[in-house]
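So the structure is just underneath, and the comments pick up after that.
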Amino acid sequence: MTRFSVSGLARVAVVAAALVAARAAAATDSSEPQTDMKPRYGLVIHGGAGTILRSELTPELEAEYTAALSAALDAGYAVLNSGGTALDAVVATIRILEDSPLFNAARGAVMTADGVCELDASIMNGIDRSAGAVAGVRRVRNPIVLARDVMERSKHVMLTGEGAERFAVTVGHELVENSYFQTELRRRQLEQAKEIEARESKESAALDEKQPAFSEFVHKSTDDTPDRKFGTVGCVALDQHGNLAAGTSTGGMMNKRFGRVGDSPIIGAGTYADNGTCAVSSTGHGEYYIRAVAAHDIASRVRYAGDSLPDAARKTIDELGAIGGTGGVIAIDRTGAITAPFNTPGMYRGWRLSDGETRIAIYAD
Ligand code: ASP
């Protein structure tokens, strides 16, 4: 039988009072999980934005994309539905998209000018704004899992290249050959990109004989280039406990070189999550998303200007467009409001919410 002395009971009362006070303080701190809110939860995913036209996608291919997006949505929703965390849902969802050769992330990623796949990913937890990212990894099967390990099992936020792979081994990842990620389709697209680049290089050399070498360094994205379909994957989620998380994974841009890294692994540009505002994942021409600090820009509009989530995201995409950027974003907030604006002809996207709303879409209309 347990016995309490009078002073022991007094200590228990003090501890209980402290716990009540701590919970009251937590309830007013938007970064803390809140369990008393209406349990609406759900997730939004994207599989990249770009020139995705009905005329170019066969019904068979469209069905394949839809099936892959559905499988990813279902996996993430199952986590949320069973009371799991937004973070777990984001990882479960993105893993499926990374494993699918259809998207430009992990298996099926676009190739560098040297014909290899170099992968970038990031993840962020809205509870405390902890974050993890990896860039330029070549041998990690699921970069989103490694990004989470950077967040939870290292003192750092971002690791790159071989160092990131050495870290991966220390936390138990098995490395794969780069050939695991490479697909025939991406090899053909790389050849096509190189042909276009060579043609453009010749044309601009003829136009300006003084600067023939410059065109070599310009990564153009005209209507002809295969990189007009960006294909990155991302997920934002709100769990039953009221917490947000976001993640993004990509192979970057076709024919990239010089260790180019885009927005996807950059916290604030490609990925952002904060329980006080929203969770965002971007896809599009990364250089512009970095310059616009796009994901954080949306959260800032919500926080400082009091914009609704759809207004904030639309304004950011409009400003991105004004400086020449193309692509889209997905976002969710703590009320379960969602949005997925883009300024390209299409964006692979989908969402599933606990009130029963579920949808997968590809084209702008
Ligand atoms: N944003 C990615 C990058 O620039 C590409 C994409 O979204 O598909 O690396």
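Taken together, the values in this text are just the output of simple stated rules run on the coordinates, not laboratory data. Since the structure is predicted, the reported quantities are computational estimates derived from the model, not experimental observations. Cβ coordinates were reconstructed from backbone atoms using ideal geometry, including for glycine residues, and neighbour counts include every protein chain displayed.
The aspartates and glutamates within cross-link reach of Lys202, meaning a Cα-to-Cα straight distance under 14 Å and a gap of 8 or more places when in the same chain, are Glu216. When the inverse distances between all different Cα atoms of the range 76-117 are averaged and flipped, the Kirkwood radius reads 11.4 angstrom.
Peptide packing for 345-351, 57-63, 77-83 was compared via the average number of neighbouring C-beta atoms within 10 Å per residue; ordered from the highest value, the list is 345-351, 77-83, 57-63. Computed over the alpha-carbon atoms, the range 268-365 gives an Rg to Rh ratio of 0.95, Rh here being the Kirkwood radius from the mean inverse distance. Look at where the Cα atoms of the range 291-348 and of the range 239-271 average out, and the two centres are 15 Å apart.
Here the gap between Glu191 and Asp318, fully extended at 0.36 nm per residue and compared with their Cα-Cα distance, gives a gain of 42.4 nm. Spin-label model, Glu184 to Ala71: label points 7 Å out along the Cα-to-beta-carbon direction sit 2.0 nm apart. Computed extension gain for Ala364 through Thr58, at 0.36 nm per residue and net of the alpha carbon distance, reaches 108.5 nm.
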